[in-house]
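Below is one structure, written out as structure tokens; comments come after it.
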Amino acid sequence: MKKALISDWYYVNGGAEKVIHSINSIWDDFDHFALIDFLNDEDRKFILNGKKAKTSFIQKLPTVKKNHRKFLQLFPIAVEQFDLRDYNLIISSSSAVAKGIKTNKNQLHICYCHSPMRYAWDLREQYLKDAGLNKGLKGLYAKSVLDKIQKWDLSNSDNVDFFIANSKHIAERIKKIYNRESTVIYPPVDVDFFSLEEIKEDYYFTASRLVPYKKTQLIVEAFNELPHLKLIVAGDGPELEKLQKTAKNNIEFVGYIENKKLRSLMQKAKAFVFAAEEDFGIIPVEAQACGTPVIALAKGGTLETVIENKTGIFFVEQSAEKIKEAVLNFETKNFDPQIIREHAVTFSKQRFEKEIKEFVGTKYKEHQQLLNKDNLKL
């Protein structure tokens, strides 16, 4: 069996890349494909077992390493140019265009869907606004591009034989947008690395890429109004400088930090604060694996990973006022780190790999049986 694994892109080691790492832990003989591959050597070793992905023409475009998203209109063309005819099994890891590869009836294509393409669907208006493309002639052109990508995304969903959703939240969106059923297999969380720490220190913690949709600005605004409580912010991104200028003295920025330092801060925090609406959200589960309760937005994947008043508490809208209220509410409660940890273990890397291996194995066997029946008819 010849196998191909295609991802949208490789340039950071994030949640989607942890999925790729786990799939490579099951099968080490994938050929890898992606629109771009700018991984450093350390991340490449972890994610792709040291292999380099075969990339599209987008890899060679000027300034693509700095901002690949500005070439969005070229993504569908680029992914369709990959020649995967020689592969029996194709797994796509997709939140954008990877699932749009061309296949034939003799191939089995399974898509692990982190989300239907956000640019085309739920984050369309936010994408245009953040890019400054919601007005004028440039805005009209950008909207026409997104209209075309939306139609392309909808039509090529038929190229997928089976969808795996990374949460029930995403399964519902796959059904709504593509009218396709999916199987939920939660992403892998390295609960062995993010180990339990029962002794907590007197600070709150948040960590993410500092980009608008993560809503770190709201967390900072909330703690600006809670000067008696300390907040540590980890992460780098375009919003860092603005956040540092608006933050008061009770807020500390530590920038981008390596995993061991991240784990240490996560383990000792009294709570992890999370304001983004994520499709799944691995980092709140990593916090819980450390025995650290989570204060999170009651939307998206966190509704499936956080148990209110047992492993954390929720706030109902993305606003500084609601985050502030949730933090003050948290101050009145007690949480058991052991119970929080036990819940997080149900999202382990081992569980993910077992479920993926069984799913792919079963579907491939069924696919081969169908092909054999068709051949007999001929």
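Build a GNM of the chain with springs between Cα atoms under 10 Å apart, and of Val316, Val184, Val345 the one that fluctuates most is Val316.
For Tyr203 and Leu123, a Förster radius of 41 Å and the Cβ-Cβ distance give a FRET efficiency of 0.85, rounded to the nearest 0.05. Given a cut-off of 29 Å, name the pairs among Lys322/Lys354; Lys51/Lys176; Lys175/Lys299; Lys66/Lys168 whose C-alpha atoms lie farther apart than that in the structure shown. Where the Cα-Cα span goes over 29 Å, the pairs concerned are Lys322/Lys354; Lys51/Lys176; Lys66/Lys168. Under the membrane-span-like helix rule (DSSP H runs whose alpha carbons stretch at least 24 Å along the helix axis, mean Kyte-Doolittle hydropathy 1.6 or higher), the chain yields none. For segment 204-347, the Kirkwood hydrodynamic radius from C-alpha pairs, put into Stokes-Einstein at 10 °C and a viscosity of 1.306 mPa s, yields a diffusion coefficient of 107 µm² per second. Fraction of C-alpha pairs exceeding 25 angstrom in segment 1-131: 22 percent, rounded to a whole number. Once R0 is set to 25 Å, what does the formula 1/(1 + (r/R0)^6) return for the Cβ-Cβ distance between Glu355 and Leu154, expressed as a FRET efficiency to the nearest 0.05? According to the calculation, E is roughly 0.35.
If the chain linking Lys52 and Met1 were pulled fully straight, counting 0.36 nm for each residue of separation and taking away their Cα-Cα distance, it would gain 16.3 nm. Since only Gln107, Ile232, Val220 are under comparison, the one whose Cα sits farthest along the positive direction of the charge dipole of the chain, derived from C-beta charges on Lys, Arg, Asp and Glu, is Gln107. Taking every C-alpha pair closer than 8 Å and separated by at least 6 residues, the mean separation divided by the residue count of the chain gives a relative contact order of 14 percent. Distance from the Cα centroid of segment 149-224 to that of segment 264-303 is 11 Å (rounded to whole angstrom). Sites count as exposed loop sites when they are GluC sites (Glu not before Pro), lie in a DSSP loop, and have at most 14 other Cβ atoms within 10 angstrom; the longest stretch of the chain without one is 1-180. Once mean projected area of the Cα convex hull in nm² is calculated for the structure shown, the corresponding label among [x] 24.7; [y] 19.3; [z] 17.7 turns out to be [y].
The H on the amide N of Trp9, modeled in the peptide plane, is under 5 Å from the matching H of Leu35, each at least 5 residues off or on a different chain. Checking every one of the chymotrypsin sites (Phe, Trp or Tyr not before Pro) in segment 180-271 against DSSP loop status and a limit of 16 other Cβ atoms within 10 Å picks out Phe193, Tyr203, Tyr256. For the pair Lys373 and Ile26 in one chain, pulling the backbone fully straight at 0.36 nm per residue adds 122.0 nm over the alpha carbon distance. The length gained by stretching the chain between His228 and Glu241 to full extension, at 0.36 nm per residue less their Cα-Cα distance, is 2.4 nm.
Placing pseudo-labels 7 Å out from each Cα toward the beta carbon at Glu181 and Glu80 gives an inter-label distance of 3.0 nm.
All of the numbers you see were taken from the coordinates with simple rules; none came from a lab. Given the structure is predicted, the values throughout are model-derived calculations rather than measurements. Backbone-built Cβ (ideal geometry, glycine too); neighbour counts: all protein chains shown.
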